[in-house]
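Structure, as structure tokens:
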Amino acid sequence: MASRADDEKFFKERGFGQSIGFGHWPAILIVDLVKAFTDANRPLGAALDTQIESTNKLIATARPKGIPLIFSTVAYDEVSVKDAGIWALKQSGVTSLIAGTDGPDIDPRLDRKSGDVLLAKKYASCFFGTDLTSRLVNRRVDTLIITGCTTSGCVRASAVDACQSGFRPIVVPEAVGDRSKLAHDQSLFDLNQKYADVVPLDATLQYIRSLDQAS
């Protein structure tokens, strides 16, 4: 069975894993850090305390620069969750995301302000069925710094769609989490090889600090 080192060597030899790099202006995309996902006792939940802490460090550094902060949530308007489509057939836990319950609420430990964007979605990617692309274009964003959950689900889907939409996806490993460590680790590896740059928190903070304040 191939080891992680073997896989890294193989992909490198084939030309994978090259750096996309940071662009001229970023937005921070905080994916689904809502109560349904951050409460480990709920069906879709996991312990994401350290990810919230890391995300708040990014927020605190980005806000004074005028960098857009975009929080996403998942909410279903129908009690039957028919607006979740066939996804509801795959995971019964979507019923914990019904609008009007506290499941879709942003975790109160996050430093969210009234002027921050709240993006409501129904599927994995923050791009699918939303106006995220136009929001980013309007703000002249070319780099999307991604935090949140889950690494193997909505984070991955959003990073892939960011790449496909012409934005530079930067996934911060300390700020993303999953219910499964195996799924988390494999997703970070695969994203870094093919779709995104996985950039440590300190390096990402350094990039943000290097930017001029938005005019």
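For the reader, a short list of remarks on this structure follows.
- Residue match in the stretch 20-36 (condition: under 24 Å from Thr130 (Cβ atoms), at pLDDT 95 or above and in a helix (DSSP H, G or I)): yes
- All positions within the stretch 93-109 that are assigned to a helix (DSSP H, G or I) and not aliphatic (A, V, I, L, M): Gly93, Thr95, Ser96
- Applying the criterion of being loosely packed, with under 12 Cβ neighbours inside 10 Å and of a type in the set (Gly, Ala, Ser) to the residues of the stretch 1-39, the residue that is farthest from Gly66 (Cα to Cα) is Ala2.
- Under the condition of being surrounded by fewer than 17 Cβ atoms within 10 Å (Cβ to Cβ) and in a helix (DSSP H, G or I), the residues counted in the stretch 110-136 number 3.
- Residues in the stretch 45-73 that are closer than 16 Å to Lys121 by Cβ, among the hydrophobic types (A, V, I, L, M, F, W, C) and either surrounded by fewer than 12 Cβ atoms within 10 Å (Cβ to Cβ) or free of Cβ contacts under 8 Å to residues at least 60 places away in the same chain (or both): Phe71 only.
- With respect to (1) aliphatic (A, V, I, L, M); (2) surrounded by fewer than 24 Cβ atoms within 10 Å (Cβ to Cβ); (3) under 23 Å from Lys57 (Cα atoms), the lone exception for Ile146 is condition (2).
- Ile86 vs. criteria more than 29 Å from Gln206 (Cβ to Cβ) and out of contact with any helix residue (DSSP H, G or I) (no Cβ under 8 Å at 6 or more places or on another chain): yes
The values are calculated or read from the model by the stated rules, or taken from the named source; none is laboratory data. As the structure is a prediction and not an experimental result, all values here were calculated from the model. Because the Cβ atoms are built from the backbone with ideal geometry, glycine has one as well, and the counts that use them run over all protein chains shown.
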